[in-house]
Structures are given as structure tokens and as C-alpha cells.
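This report refers to the structure that appears directly beneath it.
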There are 2 protein chains.
Amino acid sequence: MNPAAPGPFAERGSARDIEEGEAFAPKFDDAGVLAAVATDSDTGEVLMFAWMDATALARTIETGHAHFYSRSRGRLWKKGEESGNVLEVVEMRTDCDQDAVWLKVRVSGAGAACHTGRRSCFYRAVPLGPGDLTGRAMTHVGGAPLFDPAAVYPGGSKPDTGAPND
Amino acid sequence: MNPAAPGPFAERGSARDIEEGEAFAPKFDDAGVLAAVATDSDTGEVLMFAWMDATALARTIETGHAHFYSRSRGRLWKKGEESGNVLEVVEMRTDCDQDAVWLKVRVSGAGAACHTGRRSCFYRAVPLGPGDLTGRAMTHVGGAPLFDPAAVYPGGSKPDTGAPND
């Protein structure tokens, strides 16, 4: 398949159609994916960032549960398939040029979107301001883990792969 | 330059260091960029999604104003350089594997992050549920434009390039 093909979605029209129109015609990159960001529908906290191919996007829309594409594992991935931390999509939006989606979600199960057990993957703040960048120490701001990854993922955690566990 | 080189940032350590440590060691992809999402620091609304190379990330941290890398134009891009809609970064976070950043921002100028003049680039909602995906009509939920793009960008709007105007 041409990775940039629209899959089950509409062909893209004119630039004006894409920006101002009502037709959903998502744009996948050369690798066949688009960017997806999930936020907590109550608090607005960014919970995670991941990728969707056409199948993951279609499955998300059809089921209301967030699906992604794992680039490292090369497969469709339903968030929460192992951990039970399913993301129930309350609202989905796309951006001006339709190459990214924003999911407002409620997290099922332990309520943790991150494979480290934390509510959000974004649990560390980077200090701003001039000065050395190599020794910039972050601050943990995300709170304690809500589950034990070692117990939830018997196969072991898979950090630094670009594909968080489930 | 090797696009995946860390630039002015720390070399990446072990998987445990990357996930649990305090050292900021961002990961750039093969094209030399990482994903950046900006949200309104007051409301949590997702305002825009864009890319940063090492220079854009360093400049953002050092100045507190969001900088991105325009893939289509192949250059560093200070958000608001044309429109005045600068993004003042209130807090920056990174995720578990440090290949994405979340900026909580205040928008200067007209208060619009989108080159279409709207507050957020995510101004259309995609209906969820089973059924045909090619004819899925979106709903405009983002409100009216806060500025006139034709007046602000004399060179014309550049839709559908993956690089919104400034």
C-alpha cells in the first residue's frame, strides 16, 4: 500500500477545502502515520503522544477507544490492551492541515496513560532560561505511579523504543 | 550534521536514566526533529502541533519563546515572527522516552496560534462512531478567527504545507 494513501478516508481536496471545509481528509506522512496527542478531558493535562496509521485512526473513530501504530513493533496497538488503561475518546479534533489529531480522553483501569505507571507520560519539567543545556536537570512533577509496571507487563517494560507498553 | 546527534544537549544514557532520571537528553528522529505540542496554560486547550530540531528546542529553552523547525521551508521558525502571536512558554515538559515535548503557553498579540486566525489549530471535531469514513462531516467548534490572515501575512497564506505561517 502507498503509505500516504488515505485508506478508508476521503481524498484530500483543495487547500481551502482542507482548512475550511467539513470533509475529514487526514494526511499521513511518508511513513503512513500522523501525530496524535491525548489530553485528559477533565483537566486538559497532556497524557501521551503517539502515532496513528490509517487503520489505527479508523479503529479509533469507529470504536471510540484510542488505537495507535507502534513504529518499533510495526503493528496496530490498542492502548490498554495489556494494562487495561484504555483511553475512552470523548472528543476528537483535527488541525488546520489535517495531519494531526487531538483526543480528549478518559483513562480506564488504573487511570494511568504512561507505561511507567504514571498518569501522564509528561511527568518531568525542563527548566527554562539561558545557560548550559547539557547539564539541565529536570524536575519530577507528575506524581507517583498508579500501578507497578513489573506486575502489569510480565514481558518487561520496553522503554526508549518509541512504543510505550500498550 | 548527523540529524540524530544531540546538538547542544546531553548524550542519552541507559533506558532507566532516560525514563526515571533528571538529565534532559532529548531524542531526535532520523530527520533530526521531535514532536512538540502547545497547550493554553490556562484552559488546557491544545493550540498547535509542530516540530523542533535541536536548534529550535535550544532556542525555546533559552528564550522562553516557542521556536519550531519548518520541514517544508527547511528553516528555524520563531512562532509569531510575522504575526506577533508569540508563544510565551510557561512550562515545558518531556515524555517518558524524551522524544516529545509539551509546552504550556500564553499567546501574545491577537491571541491566535493558528495561521487561519483562530485561537487553536484544532477547530474542527470529527464525529465518532461506526459507519462510512469517507463522508464523515466535521463540526466547526473553534470559534471565529481573531485576525485576518490576508492582512497579517502579506505573502499569502501557506496552507497544507505542514508549516503553518509563522
FRET E, pair A:Asp17, A:Thr43, Förster distance 45 Å, beta-carbon r, rounded to 0.05
0.85
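Using Cβ counts within 10 Å as a stand-in for footprinting exposure, how do B:Asp17, B:Asp53, A:Asp40 rank, fewest first? Working shown, then result.
Working: B:Asp17 16, B:Asp53 23, A:Asp40 20.
Going from sparsest to densest Cβ surroundings: B:Asp17, A:Asp40, B:Asp53.
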Please average, across the residues of B:57-67, the number of beta carbons from any other chain that are within 10 Å of each residue's own beta carbon, and give a whole number.
2
Average other protein chain Cβ within 10 Å of Cβ, residues A:106-118
1
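Which whole number gives the average count of other chain Cβ atoms within 10 Å of the Cβ atoms across peptide B:76-87? Let's see the in-between values first.
Values: counts 0, 0, 0, 0, 0, 0, 0, 0, 0, 0, 0, 0.
The mean count of partner-chain Cβ atoms within 10 Å per residue comes to 0.
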Where does each of B:Leu76, B:Leu34 land when they are ranked from fewest to most other beta-carbon atoms within 10 angstrom?
B:Leu76, B:Leu34
Could you name the aspartates and glutamates in cross-link range of A:Lys104, using Cα to Cα under 12 Å and dropping any fewer than eight places away on the same chain?
A:Asp40, A:Asp42, A:Glu45, A:Glu88, A:Glu91, B:Glu45
³J(HN,Hα) computed for each position of the range A:74-85 - Karplus, 6.51 cos²θ - 1.76 cosθ + 1.60, integer Hz, glycine/proline x
x, 8, 4, 8, 7, 4, x, 5, 9, 8, x, 7
Between the range B:69-99 and the range A:45-64, how many Å separate their Cα centres?
23 Å
In a GNM of chain A with a 10 Å cut-off on Cα contacts, which of A:Gly64, A:Gly117, A:Gly142 has the highest mean-square fluctuation?
A:Gly142
If you build a Gaussian network model of chain B, linking Cα atoms that sit under 10 Å apart, which residue out of B:Thr39, B:Thr63, B:Thr139 swings the most?
B:Thr139
Can you pull out the GluC sites (Glu not before Pro) in the range A:1-103 that DSSP calls coil and that have at most 13 other Cβ atoms within 10 Å?
A:Glu11, A:Glu22
Please give the contour-minus-distance gain from A:Ala151 to A:Thr139: 0.36 nm per residue of separation, less the Cα-Cα distance, rounded to one decimal in nm.
1.7 nm
The alpha-carbon pair-distance distribution computed for the range A:29-139, with 5 angstrom bins and whole-percent values, is 2, 11, 21, 22, 17, 11, 9, 5, 2, 0
Among B:Ser120, B:Ser72, rank each residue by its count of other Cβ atoms within 10 Å, from fewest to most, as a rough exposure measure.
B:Ser72, B:Ser120
Could you work out the relative contact order of chain B, using alpha carbon pairs under 8 angstrom and six or more residues apart, expressed as a whole percent?
19 percent
Gaussian network model of chain A, springs between alpha carbon atoms under 10 Å - residue of A:Arg75, A:Arg16, A:Arg106 with greatest fluctuation
A:Arg16
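Laboratory data are not the source of any read-out in this text; all were calculated from the coordinates shown. A quick note: this is a predicted structure, and the numbers were derived from the prediction, not measured. Positions of Cβ are backbone-derived with ideal geometry, glycine not excepted, and every protein chain shown enters the neighbour counts.
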